[in-house]
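S.K.: Just passing along the structure, written as structure tokens.
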Amino acid sequence: MLLSMTGFGTAALTGNGEGCDCSIFVEIKTVNNRYLKISTRLPEGFVSLESRIEAAIREKIVRGTVNATIRMRQEAGAMRYRLNPAVLNAYVEQLKRIDPERNPSLDRLLRLPGVVEETYGEENARAEQVWPTIERALSLALEELRKMRLAEGVSMGNDLLGNLDGLVGHLEEIERLAPKVVELYRVRLADRIGKVMQEMDLQLQHADLVREVALFTDRADISEETVRLHSHFNQFRELVADKSGRDPREGVGRKLDFLTQEFFREVNTIGSKAGDAGITKHVVEMKNIIERIREMVQNVE
């Protein structure tokens with residue numbers, strides 16, 4: 001099945017006595033990109049976890065721009081701040097030396113630098129404690145993201161197959177018209193040459209006409225292009241319709257993109273060879289369809 005590169009997944013998880021006295025919120029957004037580009041936003045003091053988070057994302061996503069945001073909320077009753085008694089006592093002693101008779105208020109003392117510390121100051125230890133909860137929340141968000149991308153991939157697959165059917169229809173019409181192009185050329189050539197020869201009182205040699213028609217037939221032959229197109233169409237259909245749950249690392253999107261380029265190349269060659277208004281009309285329609293396919297394929301992982 002196809003996976004879209006566009007998706008959204010979220011998860012919220014609260015630590016259960018694992019050193020995480022907080023709730024973790026994970027939000028992941030993805031959009032299409034030729035390569036994999038990961039951008040993360042983490043709580044202050046959790047930069048050390050960035051490489052682990054990126055590694056977890058790379059295990060699930062192959063292509064696209066990924067924006068991962070992780071937020072943390074301290075649970076009620078959790079110790080976020082603590083007093084530093086050494087700093088507080090140092091302030092009190094200095095103030096007493098300046099004015100022994102004056103007792104500074106506790107409210108003012110608590111406002112002095114260093115008296116109250118955030119428990120998040122122990123960044124590495126804190127990050128290690130919270131990592132198991134972040135890891136599980138990240139896994140849940142990635143799974144939700146996968147489901148959304150898969151659902152959109154199914155819709156894209158149906159659309160791609162519909163457009164592919166359109167290409168097959170036009171190609172079959174081109175194959176039906178191709179033999180008539182040579183015959184029409186032979187009739188027109190014989191008529192034009194016949195008129196000229198009649199005006200000059202000359203006689204047309206049948207062998208000369210046959211040789212000229214044979215040269216045109218060779219130049220206008222599109223059998224190789226049509227055979228390759230049918231082969232490309234079959235490969236494209238197999239990739240889109242496959243429901244075996246293939247690993248996205250096989251690069252389905254890149255393969256489809258390559259086949260789409262081949263579609264255009266073969267159709268363009270047919271248009272340059274044909275020299276027929278009827279075939280040219282179908283070639284133009286095929287190019288329009290291929291462009292629609294190309295735009296959709298750009299969003300396939």
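The values are calculated or read from the model by the stated rules, or taken from the named source; none is laboratory data. What you see is a predicted model; the values in this text were computed from it and never measured. We place every Cβ from the backbone using ideal geometry, glycine too, and count neighbours over all the protein chains shown.
S.K.: Of all residues in region 64-88, which are over 53 Å from the mean Cα position of the chain (by Cα) and modelled with pLDDT of 85 or more?
M.R.: ALA86
S.K.: Is region 158-169 home to any residue that is at negative phi, at pLDDT below 90 and not small (Gly, Ala, Ser)?
M.R.: So far as region 158-169 goes, no, none of its residues is at negative phi, at pLDDT below 90 and not small (Gly, Ala, Ser).
S.K.: Would you mind listing the strands (runs of 3 or more DSSP E) fully within region 1-72 where at least 1 residues are over 30 Å from GLU238 (Cα atoms) and touching a residue at least 40 places away in the same chain (Cβ under 8 Å)?
M.R.: Values: elements: 7-14, 22-31, 36-41.
Ranges flagged: 7-14, 22-31.
S.K.: Right, another one. Here are some residues: VAL181, VAL213, VAL196. Which one is modelled with pLDDT under 55, surrounded by 15 or more Cβ atoms within 10 Å (Cβ to Cβ) and more than 30 Å from GLU301 (Cβ to Cβ)? If you could, list the steps in order and put the result at the bottom.
M.R.: Working: VAL181 fails: modelled with pLDDT under 55; VAL196 fails: surrounded by 15 or more Cβ atoms within 10 Å (Cβ to Cβ).
Selected residue: VAL213, the only one of VAL181, VAL213, VAL196 that is modelled with pLDDT under 55, surrounded by 15 or more Cβ atoms within 10 Å (Cβ to Cβ) and more than 30 Å from GLU301 (Cβ to Cβ).
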